[in-house]
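All remarks here apply to the structure that follows.
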Amino acid sequence: MAKIVDRLMLFIYSLSIGVISVVAILLLSGAIPYDLTYDWEQRLIWAGIIAAAVLFLMSIRFFYISVRRDRTVTHSIDQRTEFGDIQISVETIENLCLKAASRVRGVRDLKSRIKVSQSGLDIAIRAVVDGEESIPGLTTEVQKQVHDFVEDTTGIPVSSVSVYIANVVQAPSFKSRVE
């Protein structure tokens, strides 16, 4: 949710800077003549101060985002055993997921994504199926294969395996050639 708010703030910030730049260019070049009374001049000054303060606060936020170290991204899963520490990269677990899912007949073009949570690994599999088998049966088999294979291979608990069927591949039709 914070990333969405930051992206929205960045959009508003960029739009504001763009509008202010265009208005400043037009006013300073004389393309837009202006003649203000003292009352309107004071209102414009206060509006400028408020806009500058808001843009300054947004600048501080974006500066903080750019220099902070993102602690939520985990590039490896760490485990402690009686013999020492074990680190397994997320990429390794993604490849194990792909290996397990590719064993299911009728599944193609696999992609996997791993999220680490307190309860274990949340695995998301994206697949294209051939349409020859029942899709609910295929997804159940993929979930079971991935869950069991990753838990058995890594020793890390898997909390969920979600499968997204992106498409059905059309089987190529071959015309027989008679000579």
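Across the stretch 139-148, the number of residues qualifying as within 17 Å of residue 99 (Cβ to Cβ) and open to solvent by less than 40 Å² (accessible area, probe 1.4 Å) comes to 2. Just wondering, is there one or more residues in the stretch 85-108 that are assigned to a helix (DSSP H, G or I) and in contact with a Phe, Trp or Tyr (Cβ under 6 Å, 6 or more places away or on another chain)? Yes, the stretch 85-108 contains at least one residue that is assigned to a helix (DSSP H, G or I) and in contact with a Phe, Trp or Tyr (Cβ under 6 Å, 6 or more places away or on another chain). Residue count for the stretch 95-138, restricted to those that are touching a Gly at 6+ places or on another chain (Cβ under 7 Å) and crowded, with 19+ Cβ neighbours inside 10 Å: 2. Residues that are polar (S, T, N, Q), assigned to a helix (DSSP H, G or I) and loosely packed, with under 11 Cβ neighbours inside 10 Å within the stretch 15-42 comprise 21, 29, listed in sequence order.
In the set (1) in contact (Cβ under 8 Å) with a residue 60 or more places away in the chain; (2) open to solvent by 40 Å² or more (accessible area, probe 1.4 Å); (3) of a type outside the set (Phe, Trp, Tyr), residue 82 fails one condition alone, (1). Scan the stretch 140-157 and give yes if some residue there is in contact (Cβ under 8 Å) with a residue 24 or more places away in the chain, more than 30 Å from residue 17 (Cα to Cα) and touching a Gly at 6+ places or on another chain (Cβ under 7 Å), otherwise no. Yes, there is a match, as at least one residue in the stretch 140-157 is in contact (Cβ under 8 Å) with a residue 24 or more places away in the chain, more than 30 Å from residue 17 (Cα to Cα) and touching a Gly at 6+ places or on another chain (Cβ under 7 Å).
It is to be established whether one or more residues within the stretch 64-77 are without any contact (Cβ under 8 Å) to a residue 60 or more places away in the chain and over 28 Å from the mean Cα position of the chain (by Cα).
No, the conditions are met nowhere in the stretch 64-77.
May I ask you to verify whether residue 45 is touching a helix residue (DSSP H, G or I) at 6+ places or on another chain (Cβ under 7 Å) and either in a helix (DSSP H, G or I) or touching a residue at least 40 places away in the same chain (Cβ under 8 Å) (or both)? Before the answer, list the steps.
Numbers: touching a helix residue (DSSP H, G or I) at 6+ places or on another chain (Cβ under 7 Å): no; either in a helix (DSSP H, G or I) or touching a residue at least 40 places away in the same chain (Cβ under 8 Å) (or both): yes.
No.
The values are calculated or read from the model by the stated rules, or taken from the named source; none is laboratory data. Because the structure is a prediction, the values reported are computed rather than measured. Quick reminder, even Gly has a Cβ in these numbers, built from the backbone with ideal geometry, and neighbours come from all protein chains shown. Accessible surface is based on the protein model in full, side chains and every heavy atom, while ligands, DNA and RNA are left aside. Shrake-Rupley method; radii C 1.70, N 1.55, O 1.52, S 1.80 Å.
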